[in-house]
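What follows draws every value from the coordinates through simple rules; no lab data is involved. Everything numeric in this text was worked out from a predicted model, so none of it was measured. Reconstructed Cβ throughout: ideal geometry from the backbone, glycine too, with neighbour counts over all protein chains shown.
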Amino acid sequence: MQRTHVKERAEEQSIAMDADQQAAVRALANDLHRLNQSVIKAVEMGLTVELVRSSRFHGGDGSWGDLLVPVFLAKGPSAH
């Protein structure tokens, strides 16, 4: 299975964060890893998958995060 390097990238970026922020980064990295594995599986099943920003959540203190929705396109009947 293809490596997505989510964990490594998250760890590099979280060095200067406090413990709660690092925990949030680890949780999100784990979720993203699972999402990426699901995207790979869907593509292997003949789907095209695009993740599109549906909105942006603002934390009120200048922090924000993008919220995503999937868009799927099927190539037709699968032999799987």
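Computed from Cα atoms, the angle from the helix 19-44 axis to the main principal axis of the chain rounds to 10 degrees. The alpha-carbon atoms of the chain define a convex hull whose volume equals 92 cubic angstrom per residue. Note on the chain: GNM, Cα springs under 10 Å; of Ser55, Ser38, Ser14, the largest mean-square fluctuation is that of Ser55.
Modelled this way, with points 7 Å down the Cα-to-C-beta line, the labels at Asp31 and Arg53 are 1.7 nm from one another. Using 0.36 nm per residue and subtracting the Cα-Cα separation, the extra length available between Gln21 and Val71 on full extension is 15.0 nm. Which of Arg53, Arg34, Arg26 ends up with the largest GNM mean-square fluctuation for the chain, with Cα atoms connected below 10 Å? Maximum fluctuation in the GNM of the chain, among the listed residues, is at Arg53.
In the chain, the calculated helix contribution to ellipticity at 222 nm averages -14000 deg cm²/dmol per residue, counting -39,500 (n - 2.57) for every DSSP H run with n ≥ 4.
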